[in-house]
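Chemist: If you scroll down you'll find the structure; I have some questions about it.
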Amino acid sequence: MARYTGSVCRQCRREGTKLFLKGDRCFSEKCGVEKRAYPPGQHGQGRQRFSDYGIQLREKQKVRRMYGLVEKQFRRTMSHASRMRGLAGENLLVLLERRLDNTVFRLGFATSRAEARQLVRHGHFIVNERKASTPSMLVKPGMTIRLREKSREIARVSGALDALERRSVPNWLEIEKEKFEGTVKSLPTREDITLPIQEQLIVEHYSR
């Protein structure tokens, strides 16, 4: 199976930073990075020395794991970004942010991107009055994303919306919790992505 099915906390520890893959657990004392701030494996606590290639690879892996893509998907997104106007690295991050599963997560309907991806695949959302079940769908300004009425009693969704104060909704999105509906106000910008990402290293990695 291509998609990783092991412990996601190991991925955060491997990259040395929180990737917020586990939802509420990432904000608690049970977070793997908080408990063991070193890479997994028997050599995890040894000295780590990376070449230039190793640094670029780690940055690419960090972002790929953060958004939950397999290598083929990530490479295809990078190829798309390089053909767009502007900086390829920033284009890459904007394309990743515009994915429907990420948008659902950013709006607060889910506590992690993996949870949001599952909700989308199971057809719980209506985009512009049409059922959407493709996580990789790119959202555009003016689109509305609404939770289906039959899905509004899902405990995980209501719990995620109640905990929305832990993480703010980015400026390019707007959420109406009472209506279970979100709106895409504009395209995301580089400033909307606050996690420590050095996108130029990813561009250099794929330019080798």
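Chemist: Being outside the structural domain of Ser158 (by TED's automatic domain parsing) and either at pLDDT 90 or above or closer than 21 Å to Glu191 by Cβ (or both) is the requirement here; does Val94 meet it?
Modeler: yes
Chemist: Please indicate, with yes or no, whether at least one residue in the stretch 81-91 is within 14 Å of the chain's Cα centre (by Cα), surrounded by 16 or more Cβ atoms within 10 Å (Cβ to Cβ) and within 29 Å of Gln198 (Cβ to Cβ).
Modeler: Looking through the stretch 81-91, none of the residues is within 14 Å of the chain's Cα centre (by Cα), surrounded by 16 or more Cβ atoms within 10 Å (Cβ to Cβ) and within 29 Å of Gln198 (Cβ to Cβ).
Chemist: Among the listed residues Arg83, Arg130, Arg113, Arg106, identify the single one that is touching a Leu at 6+ places or on another chain (Cβ under 9 Å), over 20 Å from Ser186 (Cβ atoms) and basic (Lys, Arg).
Modeler: Matching residue, one of Arg83, Arg130, Arg113, Arg106: Arg113.
Chemist: Tell me yes or no: at least one residue of the stretch 49-69 is within 21 Å of Lys185 (Cβ to Cβ), acidic (Asp, Glu), in contact (Cβ under 8 Å) with a residue 12 or more places away in the chain and not assigned by TED's automatic domain parsing to the domain that holds Met143.
Modeler: For the stretch 49-69, residues within 21 Å of Lys185 (Cβ to Cβ), acidic (Asp, Glu), in contact (Cβ under 8 Å) with a residue 12 or more places away in the chain and not assigned by TED's automatic domain parsing to the domain that holds Met143: absent.
Chemist: With (1) surrounded by fewer than 17 Cβ atoms within 10 Å (Cβ to Cβ); (2) within 15 Å of the chain's Cα centre (by Cα); (3) farther than 30 Å from Ile55 by Cα; (4) of a type outside the set (Asp, Glu) as the list, and Leu107 as the residue in question, which single condition is left unmet?
Modeler: So the condition that Leu107 fails would be (1).
Chemist: Quick one: is Thr144 under 11 Å from the mean Cα position of the chain (by Cα), β-branched (Val, Ile, Thr) and closer than 21 Å to Ser168 by Cβ?
Modeler: The answer is no for Thr144.
The values are calculated or read from the model by the stated rules, or taken from the named source; none is laboratory data. Remember, predicted model here, so these are calculated numbers, not experimental data. In this analysis, Cβ positions are derived from the backbone assuming ideal geometry, glycine residues included, and neighbour counts consider all displayed protein chains.
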